[in-house]
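Enquirer: First, the structure itself, so that you have it in front of you.
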Amino acid sequence: MELATETVTHVKHWTDSLFSFRTSRPDSLRFRSGEFLMLGLIPGADKDAQQKPLMRAYSIASPEWSEELEFYSIKVPNGALTSQLQHVEPGDKILLKTKPVGTLLLDALLPGERLWLFATGTGIAPFAAILRDPETYRKYDKIIVTHTCREVAELNYGKHLIHSMQHDDTLLELLGKDSLDKLVYYPNTTREHSTNTGRITTLIRNKTVFSDLSLPGISPATDRAMICGSKEFNIEMRSLLEGFDLQEGSRSDPKQFVLEKAFIE
Ligand code: A2P
């Protein structure tokens, strides 16, 4: 499999445990918004030259038309890769496998009216790509992105994304004039009080999210969904959506929802 060496162009630390970075994009890399690839660091000069680089799966947070690649990462305490990766600076080199894959694809869903993007933690990364893809706004009348984090500061990457989209004239031109009128951002926190306090699963069960957003609920006739978070979150969301009679689909068999684990070491 082809390994590309790319250059880090930008790094931003959002909290003590979260950071994002951008890199140059290999000419040969083609991907669809929502996919992930394997990313790693070049083994240090002090190490055995034959040593294989440590690679981990990372969702591509930038949309498929973007000239650069963006990634959003947790800093795992003592994590084999992220304990080093968190120190990257512009000009540093990283390795990418140029074979993206993934299930969070618009064409794995049947046509519908509303698209729900349910994320916890760094699970918002693939949705950062999907939210900046014109196809999303061509296919849906309303796109609702929910982001559940423990603390308010952990929402900052998502908040900044939505805010910067609203002020990026070039992006708005590309997405279509009224696209952002379709976008609903619903952040919520579980261990610190905020506008929407509680797990999204709870806010769905007690219908708070539907009354907050003036929506009738979730139905297989109108609603489509993508889920990206921890294993437990994905399992719980899957069963919630199945309770609304939505079925899990794939690219070869599109249905009403898809899910993927947000990657951790
Ligand atoms: P909570 O604080 O109640 O555990 P983590 O940092 O553990 O990956 O969690 C990220 C966010 O996802 C937290 O706000 C956490 O809530 C929430 N979360 C974790 N598991 C679930 C689940 N099964 N259903 C809904 N939310 C969850």
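The values are calculated or read from the model by the stated rules, or taken from the named source; none is laboratory data. It should be emphasised that the depicted structure is a prediction, and the values quoted were computed from it without experimental measurement. As a convention, Cβ positions derive from the backbone with ideal geometry for all residues, glycine included, and neighbour counts pool all protein chains shown. Ligands, DNA and RNA are stripped out before the accessible areas are found, and what is left, the full protein with its side chains, is counted by its heavy atoms. Shrake-Rupley method; radii C 1.70, N 1.55, O 1.52, S 1.80 Å.
Enquirer: Quote the relative contact order of the chain in percent (integer), defining contacts as alpha-carbon pairs under 8 Å separated by 6+ residues.
Expert: Relative contact order, the chain: 21 percent.
Enquirer: May I pose another question? Could you tell me how many degrees, from 0 to 90 and to the nearest 10, lie between the Cα long axis of helix 156-166 and the main elongation axis, the longest principal axis, of the Cα atoms of the chain?
Expert: The helix 156-166 is inclined about 70 degrees to the chain.
Enquirer: Further, regarding this structure: Take each of the peptides 160-171, 233-244, 78-89, average the number of other beta-carbon atoms within 10 Å over its residues, and list them starting from the highest.
Expert: The peptides rank, most packed first, as 233-244, 78-89, 160-171.
Enquirer: Starting from the Cα gyration tensor of the range 106-259, multiply each eigenvalue by 5, take the square root, and state the resulting semi-axes largest first in whole Å.
Expert: 21, 21, 14
Enquirer: Something else about it: When ligands, DNA and RNA are left out and all protein chains stay put, how many square angstrom of accessible area per residue does the chain have with a 1.4 Å probe?
Expert: I get 48 Å² per residue for the chain.
Enquirer: Compare LEU110, LEU104, LEU215 by solvent-accessible area with a 1.4 Å probe and give them largest first, with all protein chains kept in place.
Expert: The ranking, largest first, comes out as LEU110, LEU215, LEU104.
Enquirer: Where both residues lie in the chain, what percent of DSSP beta bridges are antiparallel, nearest 5?
Expert: If I count the DSSP bridges inside the chain, around 50 percent turn out antiparallel.
Enquirer: Which three extents, in whole angstrom, do the alpha-carbon atoms of the range 3-100 cover along their principal axes, largest first?
Expert: Principal extents (Cα only, largest first): 37, 33, 22 Å.
Enquirer: List the equivalent ellipsoid semi-axes of the range 120-187 in whole Å, largest first, each obtained as the square root of 5λ for an eigenvalue λ of the Cα gyration tensor.
Expert: Working through the eigenvalues yields semi-axes of 21, 12, 10 Å.
Enquirer: Let me ask something else about it. Out of every Cα-Cα pair in the chain, what percent are more than 33 Å apart?
Expert: 19
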